[in-house]
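Asker: My questions will all concern the structure given below.
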Amino acid sequence: AEETLRAIRAGEVDALVVSGPAGDRVYTLEGADRSYRILLETMEEGAATVGLDGTILYCNGRLAAMLKAPLHKVIGSSLEDCLCSGAGETLRGILQRREISRGREESVLRTADGGIVPVLLSFGKMQIGDIPAICVTVTDLSEQKRAEEELRRARDELEIRVRERTEDLSIANQTL
């Protein structure tokens, strides 16, 4: 009991399992990191902790939703399997060389149903105890890419109309 209390006071315990007549019950402890956990679970970006072998050690619900997969299937899977081939080269290089650095890059996620999601990956080094890992934040760029495409189409249409109007004016000018 004293060792358990010491571990709780040292912040080494997140939850306790207590057996009783109604079965096992899990009691989570509210500590200083609770606000960070709430932040990670409620933010609009995906978040993951990735081991140097590419295994997703933790991810929030938003990343699982982006991948259109249940959370329990994302955790333990390979981050590289979630990236479309040719995407995430900087992150893939970091994982292959076991070098940890900071960075950002646009990439493309492959969803469980075969779709794709353009994303911005932001990553940096972290330590989980003695284990080096990478913290990855995933921002969905779908709306931004859609808006860029609409803007490109509108610009192309405007250029066509300007050319047509210029021709009309040139013909009118010659007629005058």
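Asker: Considering only residues that are among the acidic types (Asp, Glu) and closer than 19 Å to Cys59 by Cα, look in the stretch 25-43 and name the one that is modelled with the highest pLDDT.
Answerer: Glu41
Asker: Looking at the structure I just gave you, is Ile56 closer than 30 Å to Arg9 by Cα and open to solvent by less than 10 Å² (accessible area, probe 1.4 Å)?
Answerer: yes
Asker: Pull out all pairs, ordered by first then second residue, where Cβ-Cβ is under 6 Å, the residues are six or more apart or on different chains, the first lies in the stretch 36-65 and is within 21 Å of Asp130 (Cβ to Cβ), and the second is of a type in the set (Gly, Ala, Ser) and open to solvent by less than 60 Å² (accessible area, probe 1.4 Å).
Answerer: Within 6 Å, the pairs are Thr49/Ala133; Gly51/Ala133; Gly54/Ser78; Ile56/Ala48; Ile56/Ser77; Leu57/Gly51.
Asker: Select from the stretch 128-176 the residues that are in contact (Cβ under 8 Å) with a residue 12 or more places away in the chain and of a type in the set (Ser, Thr, Tyr) and write down the one among them that is farthest from Gly54 (Cα to Cα).
Answerer: Ser142
Asker: Kindly evaluate Leu151 against the criterion of being open to solvent by 100 Å² or more (accessible area, probe 1.4 Å), aliphatic (A, V, I, L, M) and assigned to a helix (DSSP H, G or I).
Answerer: Taking the combined requirement at face value, the residue satisfies it.
The values are calculated or read from the model by the stated rules, or taken from the named source; none is laboratory data. Since the model is a prediction, treat every value here as computed from it, not as a measurement. Methodologically, a virtual Cβ is constructed for each residue, glycine included, from the backbone with ideal geometry; neighbour enumeration extends over all protein chains shown. To get the accessible areas, we keep the full protein, side chains included, count just its heavy atoms, and leave off ligands, DNA and RNA. Shrake-Rupley method; radii C 1.70, N 1.55, O 1.52, S 1.80 Å.
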